[in-house]
Amino acid sequence: MSQSDQLPVAVIGGGIMGRGIARVFAAAGHEVRLREPTADALAASFSTLERDLARVVDRGHLSAQERDATLARLRTTTSLPEAVGGAGLVIEAVPEDLALKQDLFAELEQHSDDDAVLATNTSALSVTAIAGRTQRPERVVGLHFFNPVHRMELVEVVKGIATDRRTLDVATAACRAIGKTTVEVADRAGFATSRINAMIGNEAFTMLLEGVATAEDIDTALKLGLNHPMGPFELVDLVGLDTRLSALRRLHESFGERFRPSPMLVDLVAAGRLGRKTGHGVYRYDDDGHRIPGSA
């Protein structure tokens, strides 16, 4: 079987990253199986995906026929064996919890085909540690997609200690086949992008605490002064403050004090202000996910 034939794709986890990954593979012509453990979570994920595609059609960036074809290639299931059986590429996109991912990969190995590539979409956790719960760690790889998946061109392909060349090549080919640019990185905490991004975002919270500027002005300064497409607070609200905090804690353990999470970030997560997904992070958002002006 050639690298390009390693499909259908199974996506495990229907949150913002999982449904985004499922969407881009389906849009590129691949059969996709999207799995959530409960019917309610699955229905909510698919409904959100339908709504997102409808908005793209309304804006004239996608035809109704293309939308319908994309949705027709998506199958949803609550069954893990049904999702992964026969899939050439299995992509895990569950929350950033090492124990959760390790337990899941032990299950994925039981139900997947022997030649299937098992990928984790972690942004900071150890691919090697996740693979260590399997009997064949050589077929486990990191595929770090970025949010929003359909717009962001980059995918970091992360090589664990045991990841073999075939696994890297299959994963890379699959990402390039859907129009992504890939970079291969070693399995170090934060990889390349998350490590730098977490430091910038953490410093932004420190500046906010110090009263250097408002959240809006810090965001504006980085966008217009450093040509960042989004400000650090806009970005953390998008990816999730809990996700960022998890990454920073991992980086803090690995690299020391320069990555100690800002107390403000810790407090916001404790208060349940996780960003767009909860309607309130650094900023507030309406029911459609649009930022409410002057809400910082």
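The values are calculated or read from the model by the stated rules, or taken from the named source; none is laboratory data. Note that the structure is a prediction, hence the values are computed from the model and not measured. Here the Cβ is made from the backbone with ideal geometry for all residues, glycine too, and neighbour counts use every protein chain on show.
Remarks
- Boolean, Arg258 is in contact with a His (Cβ under 6 Å, 6 or more places away or on another chain) and not assigned by TED's automatic domain parsing to the domain that holds Val149: no
- Count - residues of segment 150-179 that are farther than 24 Å from Ala131 by Cα and either outside the structural domain of Ala124 (by TED's automatic domain parsing) or in contact (Cβ under 8 Å) with a residue 40 or more places away in the chain (or both): 4
- Here the helices (runs of 4 or more DSSP H) wholly within segment 183-273 that include at least 2 residues being among the basic types (Lys, Arg) are 241-255.
One line per residue, one yes/no per condition, for (1) surrounded by 16 or more Cβ atoms within 10 Å (Cβ to Cβ); (2) free of Cβ contacts under 8 Å to residues at least 24 places away in the same chain; (3) more than 28 Å from Ala129 (Cβ to Cβ); (4) in contact with a Lys or Arg (Cβ under 8 Å, 6 or more places away or on another chain):
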site	(1), (2), (3), (4)
Asn197	yes, no, no, no
Asp217	no, yes, yes, no
Gly240	yes, no, no, yes
Glu257	no, yes, no, no
Leu265	yes, no, no, yes
Leu274	yes, no, no, no
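- Flag for Leu108 being modelled with pLDDT of 95 or more and within 30 Å of Arg188 (Cα to Cα): yes
- Given (1) of a type in the set (Lys, Arg); (2) in contact (Cβ under 8 Å) with a residue 40 or more places away in the chain; (3) within 25 Å of Val239 (Cβ to Cβ), number of the condition Arg51 does not satisfy: (2)
- The single condition from (1) modelled with pLDDT under 95; (2) of a type outside the set (Ser, Thr, Tyr); (3) at negative phi; (4) in a loop (DSSP other than H, G, I, E, B) that Gly289 fails is (3).
- Flag for Val170 being closer than 16 Å to Val9 by Cα, hydrophobic (A, V, I, L, M, F, W, C), part of a loop (DSSP other than H, G, I, E, B) and in contact with a helix residue (DSSP H, G or I) (Cβ under 6 Å, 6 or more places away or on another chain): no
Condition check ((1) over 29 Å from Glu257 (Cβ atoms); (2) among the charged types (D, E, K, R)) across all residues:
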{"residue": "Glu138", "(1), (2)": "yes, yes"}
{"residue": "Val141", "(1), (2)": "yes, no"}
{"residue": "Val155", "(1), (2)": "yes, no"}
{"residue": "Val183", "(1), (2)": "no, no"}
{"residue": "Ala189", "(1), (2)": "no, no"}
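- Any hit, segment 214-225, residues being closer than 13 Å to His144 by Cα and of a type in the set (Asp, Glu): no
Table: residues versus (1) closer than 26 Å to Arg244 by Cβ; (2) more than 16 Å from the chain's Cα centre (by Cα); (3) small (Gly, Ala, Ser).
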residue	(1), (2), (3)
Val24	yes, no, no
Ser47	no, yes, yes
Glu66	no, yes, no
Ala69	no, yes, yes
Leu74	no, yes, no
Leu98	yes, no, no
